[in-house]
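Worksheet: one structure, shown below.
The values are calculated or read from the model by the stated rules, or taken from the named source; none is laboratory data. Being a predicted model, the structure only gives us computed values, none of them experimental. Virtual Cβ from ideal backbone geometry, glycine too; neighbours counted across all protein chains shown.
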């Protein structure tokens, strides 16, 4: 059977989904055009296993040079002037960036302390660790803030080798400096996962983990507008253990076209007005929050410092699954999300996570955004059936 037509139709359908649906999933963004253009044929012929200066194949100077440039641009973007940290652009994803760190430093009986998923922790800080190591978790206090007292109590009790600071759906600042003091007090290593906070750290609008954390991991497809991938900053004393963990322990050969895309991403970020981009993201988030709050909806932590909000639907008696489906029917994409104290399945949940990166990337006007909020509200209450309002608005911005 020839699948050519089927494959073509699937791709065309995906193109239609992108053009007709407003993506308000918090981990979604729009990559720079130059980043997408780098996904070319040239680095898909040869494997180039190994690392800079130590490849297993000949004629690899070009990819070595790209990785060196990428490290330099990554440090420049985050204003890292010291030689404390090294950088690798090789992780295939943020999850594998975390796994590379685990495999570099942890042994079978070690304990790891991370945020529980119902409080906003990421699954890559949970399932893999539970399978190979010992996991203990911290949560939020009565004010819906990270419970640093609980974190310290767990450190004293369990003596974890690693603390993970970072989240998937905790919308407030994380005090990396405070966590670093706890880690030092109990002789723990610190991993800061900045997948959702990278651009705020780079602009000084979020506490920086640099000079505090031993390892900093991130995805490249959220606030930094790159391809779907990851990277790691790590203190130079862990250089050999990190390289060995990347290959041959955790990954195979580097995905060279992805590495090039990450280099181009940092080049684009350094050229743009990044502070204006961040200001726009937070403005859209604030407008949405104030309007929906006025309409009677609740939010975890009563707001957000970042590009997403976690809406608590328990008071309006809608499940996260129902809300996700109602919004999708009217061309708005969000994802259901666990909230603190949630006893529902991860596939149902009591909340949804709403993001504003795509809206900022498109520079949607205030009047159009206010109309989007109205459609969002009506869709959530199941008061309208799709009349392509969202698609009509998007047609002005997506070519």
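Of note:
- Just one of the listed residues (359, 339, 343) is under 20 Å from the mean Cα position of the chain (by Cα) and under 20 Å from residue 170 (Cβ atoms), and it is 339.
- In region 193-206, of all residues being outside any loop (DSSP other than H, G, I, E, B) and within 12 Å of the chain's Cα centre (by Cα), the one that is nearest to residue 125 (Cα to Cα) corresponds to 193.
- Filter result for residue 285 (modelled with pLDDT of 95 or more, closer than 30 Å to residue 340 by Cα and not in a loop (DSSP other than H, G, I, E, B)): yes
- Region 207-238: number of residues that are in contact (Cβ under 8 Å) with a residue 12 or more places away in the chain and either assigned to a helix (DSSP H, G or I) or farther than 20 Å from residue 161 by Cβ (or both): 20
- Restricting attention to region 64-93, the residues that are closer than 25 Å to residue 103 by Cα and in a helix (DSSP H, G or I) add up to 7.
- One residue alone among 43, 8 is in a helix (DSSP H, G or I), more than 21 Å from the chain's Cα centre (by Cα) and in the same structural domain as residue 90 (by TED's automatic domain parsing), and that residue is 43.
- Residue in region 23-34 that is surrounded by fewer than 12 Cβ atoms within 10 Å (Cβ to Cβ), free of Cβ contacts under 8 Å to residues at least 40 places away in the same chain and within 28 Å of the chain's Cα centre (by Cα) present: yes
- Selection status of residue 300, closer than 19 Å to residue 358 by Cα and in contact (Cβ under 8 Å) with a residue 60 or more places away in the chain: no
- Test: residue 73 is in contact (Cβ under 8 Å) with a residue 24 or more places away in the chain, under 23 Å from the mean Cα position of the chain (by Cα) and in the same structural domain as residue 214 (by TED's automatic domain parsing): yes
- Residue in region 47-70 that is buried (at least 19 other Cβ atoms within 10 Å of the Cβ), closer than 30 Å to residue 274 by Cβ, out of contact with any helix residue (DSSP H, G or I) (no Cβ under 8 Å at 6 or more places or on another chain) and modelled with pLDDT of 95 or more present: no
- Unmet criterion (only one of (1) in contact with a helix residue (DSSP H, G or I) (Cβ under 7 Å, 6 or more places away or on another chain); (2) closer than 30 Å to residue 239 by Cβ) for residue 23: (2)
- Residue in region 252-282 that is nearest to residue 72 (Cα to Cα), counting only those that are at pLDDT 95 or above and not in a helix (DSSP H, G or I): 272
- For residue 321: the one exception among (1) within 22 Å of residue 168 (Cβ to Cβ); (2) in contact with a helix residue (DSSP H, G or I) (Cβ under 7 Å, 6 or more places away or on another chain): (2)
- Annotation: residue 247 fulfils all but one of (1) surrounded by fewer than 22 Cβ atoms within 10 Å (Cβ to Cβ); (2) closer than 21 Å to residue 379 by Cβ; (3) in contact with a strand residue (DSSP E or B) (Cβ under 9 Å, 6 or more places away or on another chain); (4) touching a residue at least 60 places away in the same chain (Cβ under 8 Å); the unmet one is (2).
- Considering the conditions (1) under 22 Å from the mean Cα position of the chain (by Cα); (2) crowded, with 16+ Cβ neighbours inside 10 Å; (3) farther than 19 Å from residue 126 by Cβ, residue 182 is excluded by exactly one of them, (1).
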